[in-house]
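Structure first, commentary second.
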Amino acid sequence: MGRAYLGEFEELVLLMVGILNEEAYGVAIQDEIKAKADRAVNISAVHTALHRLEEKGFVKSQMGGATAERGGRRKRLFSLTLNGKQALDQTREIRNELWQQIPKIAFS
Amino acid sequence: MNPLPQPPRWALRFLRWYCHPAFLEEIEGDLYELFYRRAEDRNTGYARRLFVWEVFRFFRLRMLRKFTLIIHFAMWQNHFKIALRNMQRQKAFTAINILGLAVAITTAIFMLLWVSHEWSYDRFLTRADDIFRVYSNSEFGNGEIATWGTVPQPLEKVLRDEHPEIERIVLMGTSQEANLGLSEKVFKEKGIYAGKEMFEVFSFPLLEGNPTEALRNISDITISEDLARKYFGENWKGNSLGKTIRVNEHYDATVTGVFANIPDNSTLRFDFVLSVEDLVERYPWQKEWGNFNFQMYIQLKENADAKSAGVNIAQAINRHFPDAEATLYLHPFTREHLYSHFENGVEAGGKILYVRIFSIVALFLILIACINFMNLATARAVRRAKEVGVRKVIGATRASLIGQFMSESVLTVFISMILVVIGLELLMPYFNSLTGKHLSIHYGDPVYWMVFLAITLFTGFLSGSYPSFFLSSFKVVRILKGTLKFGKEAVWVRMGLVVFQFSLSIFLIIGALVVHQQISFIRNQNLGLDRENMLFFDQSGKMNADYPALKEKMLAVPGVVSLSVSDQNPLMVQNSTGSPQWEGKDPDLDMYFHVIKVNEDFLENMHISLASGRNFSKDYSLDSANYLINETSARAMGLTDPLEKSLEVWGRKGKIIGVIKDFHITSIHTPIEPVILTLRPEDCGFMFVRTAPGQTESAIAGLGAIYKEYNGNLPMDYRFMDETYNRYYESEMVMGKLTRYFAGIAIFIACLGLLGLASFSAQQRTREIGIRKVLGASVPNLVLLISKEFMLLVGVAFVIACAGGAWLMDQWLSEYAYRIEPGIGLFALAGIISLAVAWLTIMFQSLRAATANPVTSIRTE
C-alpha cells in the first residue's frame, strides 16, 4: 500500500496532535504552533488540515466536554492513530537519512 | 458586571447557514474561544472584526453543508417567457429602457476604464510604497507656506550620512531635452538627469545592462528601447551596451543600459537618462545650499516607518543651512499623480478631484437610467396587477414574485449589455483621442467579464428593486375584486424620481457651462505679456556669442517682428532663490524670488510694460549688475520708491533701475509671485521670436535656415509660447469636454424617461382627452394639460440644480487664483436648455394625443 502523502503543514499539525496528546483541538493546536514553531496560522487552516489527516487515517477524534469559555460548545479532541505515528516515524527516518548524505563542507 | 461581549450575529448566522452540521459545533466553539480571548486581550471591536474574517475563512468547500439546490426550471422558464412577451408587447417602452441603460452603462464603463487607469499610475513599480518624493516647504513673509518640488544638491549627502532609514536616493534634474548623436544620426530627445541608483529605486526593467551598474560614471547614459532601435537599428540587442553617444555635441556618453519603454501610467517620462553628476559639474553653483534646483526621490528601507522618517528628515536642510528655513516633506510616490497640489504646505488633492467627480457622475448616469426603468415599470403597474393577483392565488410567494420582476430587469440590462459591448468597440478610438490615453478592453481577460457581469447584476437589481417590491405588494383580494387603488405615494415617488433625474442632468449642464466659461476666461486672460505669435527655441553657444549679427539677420527675415533671449520661458518660470538682499531688508524676512536672466530686448519683445524707471540699456555699462523687478516684488520688499535702491542677487550688487508691470509666470492657478530680471545675455539658452500674424510660416522657414548655419545643419526645434501655456490647462480642457458629453448624455437619458412617462400618461388619458375635446377644449389647451405636470417637475428640478450647482461650482472655482463669477445668465441658459429639451420631448406626445380624433378615442370601449 502506498503511503498517503504528508504535506509540510500537515506534518506540523500531526506533530502537535502527538505532543498535545488527548488535549489536541483547533485552538490548542493553533497556540502550540505559535509557541513552538513561531508561526501564526489561521484557525480555518488548522481545521482543514485536521480533516485531511482524519481522512487519511492519521488521527482519530471524539467529542469532548463543553466549557463556558467556548460558549457552551464541545471540543473535538484529536489523537494520533497507529498509522499517524508510523507516518511521523517514516518521515523522520527519511529526513535523517537525507541529512546524513549532506557532505560536510563548511558553508560560508 | 458587564454583559459578555458577543460576536456579530449576522456572521454567526452566515456560518450556521453554510457550515456542515457535523463540523459546526467544533468550529463555533473554536471561534468563540478565540473571540473571548481577543476581546479580553485587546478589545471587543478587534475581536468582532477577526471573528467575521475567520467566518469567511472557514467558507471552504470542505466545510460546506450539502445544499439542495432546487431550480424550478419550469418556473424560471415561465418568468423568462413572460418577460420577453411583455417586452415585445410594449416595444416603445422596452426600447426606451434598453437604450437608456445601454447609453448609461457604456459611459460608465468608459469612466471606469479611465478611473482605473488613473489609479494604476506608478503602482507597477516594485516596492512603490517605499518610494517618496522630497518636497520642501518654505514660509513667506506673509505666513503663507509654499511647497517646492525641488531641493538643494548637498542634501543628498546629508540624507545618506545621517538617515539610516533611507535605503537609496535619486537626485534628479528637471526633465530636459538633449541632442543625442551617433555619427550622422542626431536627434533631439527628451530625458532626465538622474543619480546612480535610478534603476534600483524605480524598477523600470532594463533589457540590457544591470540596475546596479548603469549610470555609475559621470559620462554614462541609459536609453529607451525605442531610442536603441532608432540609433542602433533592429539588432540593438547585444549591440548597444558600451557604445558611445554624443551628447549636445559636448561629450561622449557610454550606453550602460537599455530600459523598456516607459509605460503610459508612469509619472516619470523620459527616453534617456544621463548622469546627474554631469549636470552638477557643469553648473557648479548648483552645489550651494541656497539653490533649490533638483528633484529628489528616496526609497525607505523595507519596514521603515514612513511617518517617523518624515519627522526625522523635516529639518535636514535647516540643520546644515539655517538660512533656508525650509522644512522637508516626504510625499508618497504612489500619490504623486493624483495628489499633486499643495496648499500651505499640506497635500490638497489634485487630479483625484476629477477621478472622484467622474466616478460619481458615472454612477449618477446609471442611476438616471435605472430610474427610467423604475418609473415606467411602476406607472404601468396597473397592467400587471391581474397577473400578480393570479400568481398569488395559485400560490406564488412574495419572494418568488420579487424574483420574477427582478429577473425581468436583469434580462433588460442583459440585452442592453449587448449594445454596450458594440458601443464600447465603436467609440473606443474617440474616447482615447479625447482623453489622450491608450485604453482598450481585453476580451480575453476574465476580469473584464467579471466586471461586466457585476455591472449587469448591479444595474439589474437596482432598477428592479423598487418595481418588484411595489408590484409584489398588491393585495390579492383587492386586485381580483377590481378595487385596487394606487395610493398617492407611488405617484409621489415617481415624481420625486423624475425631479431627481432632472436635477442631476441640469446640474451637469450648469457644470459644463461653468467649466467652459472658466476655460475660455483663462485662455483670454491678459497675462501681462503677449504670448500670441511667439515662437521659441534653444540657442547654441555659437548663436549667443554672435547675437548682434544674428539679430540683424533674423530681423531681415520676412514675418519676423522682434526677438530677445532669456534663460527660461517667462510663462514657465521654475527656479527661485532666497538670496536677494536689498536696502532696508528685515534680516529675519525670508522671501523667495524668481530670477529670469534676459537681454536688453526682452521687455519690448514680450510686450511687458514698465511701471516706472527704465529698461536695461547698452548705454549703461553697469547694467549687468542692475535689476528690474516686478510690482509684486516691490510690494513684497516693502519699497514704496524702489528706484535706485541697492539690490544684491547671487552676490552681485547693483541697483533697481526699473519696475515692470506684473505678468503671469506660471498657470493661472497660482497668483503672481515676485520676479527679478537680471541682464545676463551670456547665460540665456532660449531665443524668443515674435512673428507678424499670418506670416509665421515664412518666418519659420527663414529662421530655420539661419539656425542651420549656426548649428551644423541641425533642424530648428521650435515651440509656440501659447501652446506651452495651453498645456497647463490640458486636464481642464479634457474635463470641460467630458462634462459636456456627460451633461448631454444625462439629459438624453432623462428625456427618454420623460418621453416614456408622457406617452404613457397620454395613453391613460385618451378618453379624458377625447371627452374634453368633444366639449370644446382647443389643442393648445390639451397640450398644456398634458405637459404642465411634467414641466412643473422639470422646473422644480431646475431650482434644486441651481442651488446645488452654485455651491459646488464655487468650490471648484476656488481652485483658481483668477476666476469667473458665474452669473444669472449662466443659470438661465442652463434652465432654458433643459426646459426646452424636456418640452420638445413631451410636446411630440401631447400633440399626438391632442390632435387625435375624439371619435376613435371615445369609442375604444
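Some notes on this structure:
- Accessible surface ranking that places the most exposed of B:Y283, B:Y135, B:Y728 first, with a 1.4 angstrom probe: B:Y283, B:Y728, B:Y135
- Comparing B:T696, B:I706, B:T640 along the charge dipole axis of region B:571-729, the residue lying farthest to the positive side is B:I706, per the Cβ-charge model.
- Screening chain B for whole DSSP H helices of 18 Å or more along their axis (Cα) with average Kyte-Doolittle hydropathy at least 0.0 returns B:91-119, B:352-379, B:398-435, B:446-471, B:488-524, B:696-710, B:730-764, B:779-813, B:824-851.
- Applying a DSSP loop filter and a limit of 16 other Cβ atoms within 10 Å to the trypsin sites (Lys or Arg not before Pro) in region B:26-55 leaves B:R42.
- Taking a quarter of the surface of the Cα convex hull of chain B gives a mean projected area of 50.9 nm².
- The residues of region A:61-91 listed by number as losing at least 30 Å² of accessible area in the complex, against the isolated chain and with a 1.4 Å probe, are A:E69, A:R70, A:R73, A:R74, A:R76.
- Where B:D252, B:D161, B:D590 fall by accessible area, highest first, once all protein chains stay in place (1.4 Å): B:D161, B:D252, B:D590
- Region B:332-358 and region A:1-47 have Cα centres separated by 48 Å.
- Under-5 Å amide H pairs with B:V560, H placed in peptide plane, nonlocal only: B:A692
- Pairs from the table (B:K190/B:K301; B:K243/B:K301; B:K157/B:K597; B:K618/B:K661) lying more than 27 angstrom apart at Cα are B:K190/B:K301; B:K243/B:K301; B:K157/B:K597.
- Folded to 0 to 90 degrees: helix A:26-37 orientation relative to chain A principal axis, Cα: 30 degrees
- Computed log₁₀ I(q)/I(0) - Debye formula, equal Cα scatterers, no solvent, region B:694-788, q 0.16, 0.18, 0.20, 0.21 Å⁻¹: -0.86, -0.93, -1.00, -1.04
- Whole-percent carbon and sulfur share, accessible surface of region B:238-279, 1.4 Å: 44 percent
- Electrostatic dipole magnitude of region B:223-273 [Cβ: Lys, Arg +1; Asp, Glu -1; Cα centre; debye, to 20]: 100 debye
- Per principal axis, descending, Cα span of the protein assembly as shown in whole Å: 111, 106, 66
- Protein accessible surface hidden between A and B, which excludes ligands and nucleic acids, total in Å², probe 1.4 Å: 2000 Å²
- Loop GluC sites (Glu not before Pro), region B:594-644 (other Cβ atoms within 10 Å of the site Cβ: 13 or fewer; DSSP): B:E644
- With eigenvalues of the C-alpha gyration tensor scaled by 5 and rooted, region B:567-652, Å: 21, 16, 13
- Reachable lysines from B:K488, criterion Cα separation under 23 angstrom, eight or more residues apart if same chain: B:K386, B:K475, B:K788
- Counting protein heavy atoms only, region B:706-812 has 61 percent of its accessible area on carbon and sulfur, 1.4 angstrom probe.
- With Cα atoms as the point set, region B:508-605 shows a radius of gyration and Dmax of 19.5, 58 Å.
- Cα-centre dipole for region B:732-847 with unit charges at Cβ (Lys and Arg positive, Asp and Glu negative), debye to 20: 580 debye
- For B:L207, the residues whose modelled amide H falls within less than 5 Å of its own, excluding neighbours fewer than 5 places apart on the same chain, are B:V258, B:F259, B:A260.
- Accessible surface, 1.4 Å probe, highest first, among residues B:C802, B:C19: B:C802, B:C19
- Comparing each chain alone with all protein chains together (probe 1.4 Å, DNA, RNA and ligands left out), the residues of region A:41-60 losing at least 30 Å² of accessible area are A:N42, A:I43, A:S44, A:H47, A:T48, A:H51.
- Over chain B, relative contact order from alpha-carbon pairs under 8 Å, at least 6 apart, %: 13 percent
- Positive-end ranking of B:Y741, B:S503, B:T212 along the dipole of the protein assembly as shown, with charges on Cβ about the Cα centre, is headed by B:S503.
- Judged by the mean number of other Cβ atoms found within 10 Å, the most tightly packed of the peptides B:652-658, B:498-504 leads the ranking B:498-504, B:652-658.
- In region B:24-43, burial by the other protein chains removes 30 Å² or more of accessible area from B:E25, B:E26, B:G29, B:D30, B:Y32, B:E33, B:L34, B:Y36, B:R37, compared with the chain on its own (1.4 Å probe, ligands and nucleic acids ignored).
- Sulfur and carbon atoms: percent of accessible area, region B:355-463 [1.4 Å]: 75 percent
- Taken about its Cα centre, the protein assembly as shown carries a charge dipole of roughly 7240 debye when the Cβ of each Lys and Arg holds +1 and the Cβ of each Asp and Glu holds -1.
- Vicinal HN-Hα couplings computed from phi for region B:655-666 (Karplus, 6.51 cos²θ - 1.76 cosθ + 1.60; Hz; Gly/Pro x): 10, 7, 9, x, 10, 9, 5, 4, 9, 6, 10, 7
- Cα long-axis angle, helix A:43-55 against chain A (0 to 90 degrees, to the nearest 10): 80 degrees
- Gyration tensor over the Cα atoms of region B:386-545: the corresponding equivalent ellipsoid has semi-axes (square roots of 5 times the eigenvalues, largest first) of 57, 25, 9 Å.
- Under-5 Å amide H pairs with B:A326, H placed in peptide plane, nonlocal only: B:N318
- Accessible area per residue, Å², chain A with all protein chains present, probe 1.4 Å: 60 Å²
- Spatially proximal lysines relative to B:K737 (Cα-Cα < 26 Å; intrachain offsets below 8 disregarded): B:K351, B:K437
- Whole-number accessible area per residue in Å² for chain B, which is evaluated in the context of all protein chains at 1.4 Å: 47 Å²
- Inter-centroid distance (Cα atoms) of region B:563-618 relative to region B:658-674, Å: 11 Å
The values are calculated or read from the model by the stated rules, or taken from the named source; none is laboratory data. Computed from a predicted structure; not experimentally measured. Reconstructed Cβ throughout: ideal geometry from the backbone, glycine too, with neighbour counts over all protein chains shown. To get the accessible areas, we keep the full protein, side chains included, count just its heavy atoms, and leave off ligands, DNA and RNA. Shrake-Rupley method; radii C 1.70, N 1.55, O 1.52, S 1.80 Å.
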